[in-house]
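See below for the structure under consideration.
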Amino acid sequence: MVALDHYLVLSGILFSIGAAGVFLRRNLITILLSIEIMLNAVNLTFVAFGRALGSADGQIIVFFVMTVAAAEAAVGLAIVIGLFRHHESLNPESFASLKW
Amino acid sequence: MTDTAFYIFGGIAILASLLVIAQRNPVYSVLLLIASFGALSGLYVLLDAPFVAVIQIIVYAGAIMVLFLFVVMLLNAPQEDTEHDVKMHPFAGPGPMRFGALLALGLAAELGWALTRTPSQAGSFAVTPVSSVAAIGRSLFTEYAFAFEVTSILILVAMVGAVVLARREEPR
């Protein structure tokens, strides 16, 4: 039978994939996508624990996490657009200067 | 039946997430991430959370990922910068990149260690699930009413911030 353990392991694997994406990739868009993968791994943990404890709180926290993720994506993508306009590049290595 | 569904959805989620990281074209990355979110939504249905499953599809796959896709196509920079990013194995790369790969491995090892140390919960879920949207809504607007209102301010700030940041500077 599939129980809490399976969901936690799956969530751990997904979080590790997201973290690897942030550490290894050199593209701002892919890094933001990796952050979304990590947020979703955490959401899965919340829902699995909520199901195991028989409480609605897990699903409510997921609602708030999704709201924060939407705000983060909007502001993050606006910053990416601004950076791309100045540097014509999406490589984080090229944004080493504090001032342009 | 539910076990098979769990393994199918979990497999799709892991495979699609790995491919998101492995793709060099951001458009494919975004589309694969939508597939991964669809699989996660199936897992939420298996966890008796239909409300979360539906907002996963509507908000995440429908709104946030469309925003990503829009920006990727607007920037029109499909390929990663090749002069900085030569194709090589992460562990053979220059210093910072190897360090990043080691950090990612270390995180995976720590998560695995933490999971093996927790006492195992064999068998299926024992408690009756809370899956009714009415119960969630009641809790959201009574117990969590303050957090809900703060969320609305957060959304407003994010909206104004995104407009200000992405605005073209007009010549003075």
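Choose one of B:Ala61, B:Ile21, B:Gly42: the residue whose Cα lies farthest towards the positive end of the charge dipole of the protein assembly as shown (beta-carbon charges +1 Lys, Arg; -1 Asp, Glu; about the Cα centre).
Working it through, the farthest residue towards the positive pole turns out to be B:Ile21.
Would you work out which of A:Gly82, A:Phe64, A:Ser11 lies farthest towards the positive end of the dipole of chain A, given +1 charges on the beta-carbon of Lys and Arg and -1 on that of Asp and Glu, about the Cα centre?
Highest projection toward the positive end goes to A:Gly82.
Once phi is turned into θ = phi - 60°, what whole-Hz ³J(HN,Hα) does the Karplus curve with 6.51, -1.76 and 1.60 give for every residue of segment B:104-119, x standing for Gly and Pro?
4, 4, x, 5, 4, 5, 5, 4, x, 4, 5, 6, 6, 7, 6, x
Would you work out the relative contact order for chain A, in percent, from Cα pairs under 8 angstrom that are 6 or more residues apart?
Reported as a whole number, the value is 27 percent.
Only Lys, Arg, Asp and Glu count, each charged at its Cβ (+1, +1, -1, -1), so figure out the dipole size of the protein assembly as shown about its Cα centre, rounded to 20 debye.
Here the size comes out at about 280 debye.
About the Cα centre of segment A:4-94, how large is the charge dipole given +1 on each Lys and Arg Cβ and -1 on each Asp and Glu Cβ? Please answer in debye to the nearest 20. Don't skip to the answer; put the middle values down first.
Values: 4 positive and 6 negative charges, 20 e Å.
Dipole about the Cα centre, nearest 20: 100 debye.
Of all the C-alpha pairs in the protein assembly as shown, what % are more than 29 Å from each other?
That tail contains 37 percent of the Cα-Cα pairs.
May I ask for the net charge around B:Phe68, where only other residues with Cβ less than 13 Å from the Cβ of B:Phe68 are counted and Lys, Arg are +1 while Asp, Glu are -1?
Working: positive: none; negative: A:Glu36, A:Glu72.
My count for the surroundings of B:Phe68 gives -2.
Farthest toward the dipole's positive end in chain A, which of A:Asn27, A:Ser94, A:Asn40, given Cβ charges of +1 (Lys, Arg) and -1 (Asp, Glu) about the Cα centre?
It is A:Ser94.
Values quoted throughout were computed directly from the atomic coordinates according to the rules given, and no laboratory measurement underlies them. Just so it is clear, the structure is predicted and the values come from calculations on it, not from any experiment. Cβ atoms come from the backbone with ideal geometry, glycine included; neighbour counts cover every protein chain shown.
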